[in-house]
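Below is one structure, written out as structure tokens; comments come after it.
The values are calculated or read from the model by the stated rules, or taken from the named source; none is laboratory data. These numbers come from a predicted model, not from an experiment. Here the Cβ positions follow ideal geometry from the backbone for every residue, glycine too, while neighbour counts run over all protein chains shown.
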Amino acid sequence: MGRSDVKVQFISDEVVADDDFIVTAARPNTAATLANTAFASGGARVLSVTTAGTSDNGKSNTIVGTDVFDNVITEVITSTGSAENVDGAKYFKTVTSVTSSAQFAGNIIVGSLATAAQAVFGGPVRLKGYSIVSGGTAGVIEFVDGTPEDGTVLFKARTIGTDNTTLDNTIPDEGILFQSGLSIKYTVGTIDMMNFFYA
């Protein structure tokens, strides 16, 4: 009897959003001191910058780190007013630096949203099936061909919001081809754990 070539990627992520997880209250002239550089789940998060001061319109923070496939990424988050929060759009698995364009009038904090993503496999891959254990809130899981920022969503699944309820699906024939790699987008709290079966 032949040996199966199917592999499994396990994902568990219940790390809550934290508005000062990356940078706690500070007024850096240039590079900020980082409180944390990665998430306990091993996943990636969309980041946010919050200012406390006035006259900060147009000042920016350049964030450098890595994406779900461990490629270097950069994002500039620009403040459009005072004492406000501005969300980014890229998913950071790790953060290596946060650099301000100028010193802000008041403290800034840099943190994470509940918008999350993780990689299943970084090259061409066929998804054969998945098992998702729902969190206490219903939500959508997006299956992306490529990175969560720039890839194509090939299909979606939905958790039902009943905690610890499992959704299992087997994909027929050869499975679904993700030519540019497979990443998963989700919202923390909608899932407890996920298993993805691929070859």
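Listed by first and then second residue, the pairs with beta-carbon distance under 9 Å, at least 6 apart or on different chains, first residue in the stretch 88-116 and in the same structural domain as D67 (by TED's automatic domain parsing) and under 18 Å from S60 (Cβ atoms), second of a type in the set (F, W, Y) and surrounded by 17 or more Cβ atoms within 10 Å (Cβ to Cβ), are F92/F39; I109/F21; V110/F21; G111/F21.
Please tell me if V8 is over 16 Å from the mean Cα position of the chain (by Cα), buried (at least 18 other Cβ atoms within 10 Å of the Cβ), at pLDDT 95 or above and not small (G, A, S). Walk me through how you get there before you give the answer.
Numbers: over 16 Å from the mean Cα position of the chain (by Cα): yes; buried (at least 18 other Cβ atoms within 10 Å of the Cβ): no; at pLDDT 95 or above: yes; not small (G, A, S): yes.
Taking the combined requirement at face value, the residue does not satisfy it.
Filtered by the rule that a residue be crowded, with 16+ Cβ neighbours inside 10 Å and not charged (D, E, K, R), the stretch 43-59 gives G43, A44, V46, L47, S48, V49, T50, T51, A52, G53. The sole residue among I141, I171, I160, I176 that is among the β-branched types (V, I, T), without any contact (Cβ under 8 Å) to a residue 60 or more places away in the chain and in contact with a Phe, Trp or Tyr (Cβ under 6 Å, 6 or more places away or on another chain) is I141.
Listed conditions (1) in contact (Cβ under 8 Å) with a residue 60 or more places away in the chain; (2) out of contact with any strand residue (DSSP E or B) (no Cβ under 8 Å at 6 or more places or on another chain); (3) not β-branched (V, I, T) are all met by G136, apart from (1). For G129, the requirement of being out of contact with any Phe, Trp or Tyr (no Cβ under 6 Å at 6 or more places or on another chain) and touching a residue at least 12 places away in the same chain (Cβ under 8 Å) is not met.
Note on the stretch 26-47: residues that are touching a residue at least 24 places away in the same chain (Cβ under 8 Å), of a type in the set (S, T, N, Q) and more than 30 Å from L182 (Cα to Cα) amount to 2. Selection of the stretch 1-53 for residues being of a type in the set (K, R), within 30 Å of G175 (Cα to Cα) and not in a strand (DSSP E or B) yields only R3. Picking from residues in the stretch 149-170 that are assigned to a loop (DSSP other than H, G, I, E, B) and either small (G, A, S) or more than 15 Å from M194 (Cβ to Cβ) (or both), the one that is farthest from the chain's Cα centre (by Cα) is T162.
Would the stretch 42-60 turn up any residue that is within 26 Å of V125 (Cα to Cα) and at pLDDT below 95? Yes, because at least one residue in the stretch 42-60 is within 26 Å of V125 (Cα to Cα) and at pLDDT below 95.
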